[in-house]
Each structure stands twice: as structure tokens, then as C-alpha cells.
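Undergrad: Dumping the structure here so I can ask a few things about it.
The values are calculated or read from the model by the stated rules, or taken from the named source; none is laboratory data. All of these numbers come straight from a predicted model, not from anything done at the bench. So basically every Cβ, Gly included, is an ideal-geometry build from the backbone, and we count neighbours across all protein chains shown.
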Amino acid sequence: MKISYYEETDSLYIDLSSRPSVETQEVSPDINLDYDESHCLVGIDIDHASRYLDLREMSFVQLPLRTHAVAA
């Protein structure tokens, strides 16, 4: 999983899979779900993210992490 924030558009994208998206479904204003060819969820797009999320803090609880990567 990869989480990307784009300050210039105030959008947050959560990549759940490396599979390409072929369909997008708007589930509410500013929230879109991306699906692959098998209709499996591969991404979540949140426009105007700061309206919905406190972007100053993020925490993870009990993730089964074996390795981790930190982007510079």
C-alpha cells in the first residue's frame, strides 16, 4: 500500500494494489474508488482531503509489518 498526498490539489491517493485501474466510481462528493478489470478495489482518491482528514497526524495500529520503506 502506498499513500500519496498532493498539496497543490489537496488530494490524497491510497494505492491498494499495483494493478492498473480501469474503472472509477464516485461514492460521495470528493471520494472516488478505483477498480481493476476484475472489479477489485485498487485505489481510493480523496479530493479536498484536508476537509475530511487531519493530515498532520497518521498512526497505524497492529499492522503485520515484516519490512518497511521510508520515502525521502
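Undergrad: Given the criterion on the phi < 0 side of the Ramachandran plot and touching a Pro at 6+ places or on another chain (Cβ under 7 Å), identify the matching residue among Asp36, Asp54.
TA: Just a single option satisfies the conditions, and that option is Asp36.
Undergrad: Taking Val70 as meeting all but one of (1) at pLDDT 90 or above; (2) over 13 Å from the mean Cα position of the chain (by Cα); (3) under 14 Å from Lys2 (Cα atoms), write down the number of the exception.
TA: Among (1) at pLDDT 90 or above; (2) over 13 Å from the mean Cα position of the chain (by Cα); (3) under 14 Å from Lys2 (Cα atoms), Val70 violates only (1).
Undergrad: Take the range 39-58 and flag every residue that is of a type outside the set (Gly, Ala, Ser) and modelled with pLDDT of 95 or more.
TA: Scanning the range 39-58 gives His39, Cys40, Leu41, Val42, Ile44, Asp45, Ile46, Asp47, His48.
Undergrad: Consider the range 14-64. How many of its residues are hydroxyl-bearing (Ser, Thr, Tyr) and touching an Asp or Glu at 6+ places or on another chain (Cβ under 9 Å)?
TA: Going through the range 14-64 one residue at a time, the tally reaches 6.
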